[in-house]
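FYI, it's all coordinate maths here, none of it is from the lab. Nothing here was measured: the structure is a model prediction, and the numbers come from that model. Here the Cβ positions follow ideal geometry from the backbone for every residue, glycine too, while neighbour counts run over all protein chains shown.
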Amino acid sequence: IHEIKGVALLKGARGREKANLRSIEDTLLKTSKMLMKEKQIKELDINPLIATPSGVVAVDARIII
């Protein structure tokens, strides 16, 4: 998370509220674990994943089996 180009925006740059980085991390880790467990999933696309101060919301997701 800290290595992406837009990390400054997640940390509250340009007057934005800080995103809950822990929620982003937790979502990425849980998604990764799900993909490791569910071998039939070939692709997963979450777009957008909206990060707010209170958490994250996956607005749309696509899974290819």
Worksheet item: Can you pull out the strands (runs of 3 or more DSSP E) entirely within the stretch 4-65 that have at least 1 residues that are at positive phi?
Response: 55-58
Discussion item. Is it the case, given these coordinates, that K39 is surrounded by 13 or more Cβ atoms within 10 Å (Cβ to Cβ) and over 18 Å from V59 (Cα atoms)?
Written reply: no
Discussion item. Please count how many residues of the stretch 18-53 are within 19 Å of I1 (Cα to Cα) and touching a helix residue (DSSP H, G or I) at 6+ places or on another chain (Cβ under 8 Å).
Written reply: 8
